[in-house]
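The values are calculated or read from the model by the stated rules, or taken from the named source; none is laboratory data. Keep in mind it's a predicted model, so treat the numbers as computed, not measured. Quick reminder, even Gly has a Cβ in these numbers, built from the backbone with ideal geometry, and neighbours come from all protein chains shown.
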């Protein structure tokens, strides 16, 4: 690196970076404008963190049009606004409607009210005589003349007033035969009087009758805007909708649980961050400290990105951010390990920095792109919390690339420029000892095979003990899961557990009831077959009456949803694998690289699957996220090794299989420290999540830890040896041709040894 008089450039850059960080910190803590835009506390929280009720309905009706779906969404939106002004209703797919109501807990009451169809009626005033206490009085009541079922059409229209020339906004109505007759009679008798249009016991309009309407068509005027006319028309249409709502899924989360989840997860993130920083400083000295600064900037940018893109932060999303910290270190480790390697090769500090960043760039980009492939599959095939996890993980990958390739690069160059040029500041170069990983790979295959076989052997055992080959969560099995929170003075013992299970068996009329005590939180989790709304009300009433129960939160998922999630899980893994195969084959211009990577990924998936099988971990939505995260993470380490193999292929002349073997062993050995360090930092973050996180994330974290360890081993002991085998034994390639040429030359020399000696004499 040439010495340049560029102090001004680096000073200005540091001032700008500090200013941006201070400004970003101010935005995240205080916000800007009166609305406090950008403040971290304004990040929208999912129901699993904020608390509330989540419901998914399927519209049951023949020939349901887009207009019917739109009207149904509008109807439900108007209804849920009575529970919370922040409630949200949106359509998913062609026939599903999702409802999210934050800040409420009585799911059964809400489900009962929302499941009822809206009532629409047309009524007129009627005078009736009422006798009370011997006195006769006259009272005004509303008499229904027809209902919403008698309305054929209702739509907003515009009209030009011929007298004033102004545009008018109207609602045009058309009635069926029965409605035409009833409306004609009502209008004849009420000229000059209003006809009340009532929806869900609320008067939404009361137009005056100007003349008798006998042909079954009329208009309602007086609307101030087309939107107002459309809203009235929609409300009228709603009352005649031929649709029925079937509950597919419902879930309620206590706000207190959400607060505890945030606190414990943030605590896990802080502990993990500190441990990662200590590891980085211990291994890489000054660059390690720079990596810690880059990670802090990464966290700041994540908070700003969540605000900027109006992302909804869920509990798995929080886990994705924490996992992202561990993965963000990866790029820095690749760079700094490469700098140490270049220094060990005899280069000056400046040249080593330049070469380290240059040679690490391709591995960083390729590794993160493959992770983004898994993220995109999660986004398109996942739903709910899984999609939230994909969103935050995707953001973290992109931001970590930026902080490593831009922020870290600038800070390392600035440190060098301001005097930190001694090689000791960049960590002690390690002596690379080449090991025979190609031969050791056979042993690893045997070990991995045993683990996978144990996992497969556990499947029939699980069926005999828990009724299914895997411990399917509600999302995969369907049914009802209840979290029962007892009062503080109620001991959650085996006797109480048996009594509660019997109560569920009685109500559900099924013996397929599973239970689990959560003594630390004075809770029980009970899983049963799918219970309808009346059964859930009955069991909740029984529990509160007969036991010291504080609250019962219930999640209900139909078999329709669970079957779809199982299918999506399989499809997601297959799509990810195919996309990664294509990408690696294109980038490395050799399908053997992609094929060996995919085989290793299948191994990783099966090892994690074995963990779910043997440990009887819950297989649900997070299972999909876990598998695809492991795929994306494992491929990262593999890419680094393949990148080094590709680099060495350009520098070395390959003639025999032994040359290929030596190249593979050398490439894996030179990247071994990097693989260990990145796996360690990621493992530390996930371990912190496992220890400090809430119970719903611990199984997810445990499976991830197994995947991180398994992925590291497969990258080192499996991918390189697999590529070696394919390279030397499959297809027609340059290695075989060179081998043939070498063999022909050897045979020629052996046949005429005197010629060889004669040549040696001439050289002498």
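Tell me, please, whether a residue that is closer than 30 Å to residue 284 by Cβ and touching a helix residue (DSSP H, G or I) at 6+ places or on another chain (Cβ under 8 Å) can be found in the range 442-452. It would help to see each step written out before you state the result.
The initial filter retains those residues of the range 442-452 that are closer than 30 Å to residue 284 by Cβ, namely 444.
Adding the requirement that they be touching a helix residue (DSSP H, G or I) at 6+ places or on another chain (Cβ under 8 Å) leaves 444.
Checked against the condition, which is being closer than 30 Å to residue 284 by Cβ and touching a helix residue (DSSP H, G or I) at 6+ places or on another chain (Cβ under 8 Å), the range 442-452 yields at least one hit.
Can you give me the number of residues within the range 25-54 that are farther than 27 Å from residue 81 by Cβ, part of a strand (DSSP E or B) and touching a strand residue (DSSP E or B) at 6+ places or on another chain (Cβ under 7 Å)? Break it down into steps so the answer makes sense when it comes.
If we filter the range 25-54 for residues that are farther than 27 Å from residue 81 by Cβ, which is where we start, we get 25-30, 32, 38, 40.
Of the ones still in play, those that are also part of a strand (DSSP E or B) are 32.
Right, trim to touching a strand residue (DSSP E or B) at 6+ places or on another chain (Cβ under 7 Å) and you get none.
Count: 0.
How many of the residues in the range 529-544 are over 13 Å from residue 247 (Cβ atoms) and assigned to a loop (DSSP other than H, G, I, E, B)? Looking only at that region, the number is 1.
Just one of the numbered conditions (1) modelled with pLDDT under 85; (2) in contact with a helix residue (DSSP H, G or I) (Cβ under 9 Å, 6 or more places away or on another chain) is not true of residue 651: (2).
Return the only residue of 296, 319 being assigned to a helix (DSSP H, G or I) and either buried (at least 24 other Cβ atoms within 10 Å of the Cβ) or modelled with pLDDT under 80 (or both). Walk me through how you get there before you give the answer.
Details: 296 fails: either buried (at least 24 other Cβ atoms within 10 Å of the Cβ) or modelled with pLDDT under 80 (or both).
When all the criteria are applied, what remains is 319.
Of all residues in the range 161-190, which are part of a loop (DSSP other than H, G, I, E, B) and under 11 Å from residue 146 (Cα atoms)? If the condition is that a residue be part of a loop (DSSP other than H, G, I, E, B) and under 11 Å from residue 146 (Cα atoms), then 176 is the only one that fits.
As a summary of the residue check, residue 390 satisfies the conditions (1) out of contact with any helix residue (DSSP H, G or I) (no Cβ under 8 Å at 6 or more places or on another chain); (2) assigned to a helix (DSSP H, G or I) except for the one numbered (1).
Can you tell me which residue among 328, 351, 363 is modelled with pLDDT under 85, over 25 Å from residue 391 (Cβ atoms) and not assigned by TED's automatic domain parsing to the domain that holds residue 648?
Working: 328 fails: over 25 Å from residue 391 (Cβ atoms); 351 fails: modelled with pLDDT under 85.
Unique residue meeting the criteria: 363.
Out of 441, 455, which single residue is within 32 Å of the chain's Cα centre (by Cα) and either in a helix (DSSP H, G or I) or farther than 30 Å from residue 554 by Cα (or both)?
Details: 441 fails: within 32 Å of the chain's Cα centre (by Cα).
When all the criteria are applied, what remains is 455.
How about the range 469-489: which of its residues are closer than 25 Å to residue 699 by Cβ and over 26 Å from the mean Cα position of the chain (by Cα)? Break it down stepwise before answering.
If we filter the range 469-489 for residues that are closer than 25 Å to residue 699 by Cβ, which is where we start, we get 469-486.
Once the filter is applied, which keeps residues that are closer than 25 Å to residue 699 by Cβ and over 26 Å from the mean Cα position of the chain (by Cα), the range 469-489 yields 484, 485, 486.
Of the candidates 212, 186, 154, the single residue that is buried (at least 18 other Cβ atoms within 10 Å of the Cβ) and touching a helix residue (DSSP H, G or I) at 6+ places or on another chain (Cβ under 7 Å) is 154.
Which ones in the range 191-206 are in contact (Cβ under 8 Å) with a residue 40 or more places away in the chain and closer than 17 Å to residue 75 by Cβ?
Passing the criteria: 197, 198, 199, 200, 201.
Quick one: would you say residue 60 is touching a strand residue (DSSP E or B) at 6+ places or on another chain (Cβ under 7 Å) and either in the same structural domain as residue 88 (by TED's automatic domain parsing) or free of Cβ contacts under 8 Å to residues at least 40 places away in the same chain (or both)? Yes: the conditions hold for residue 60.
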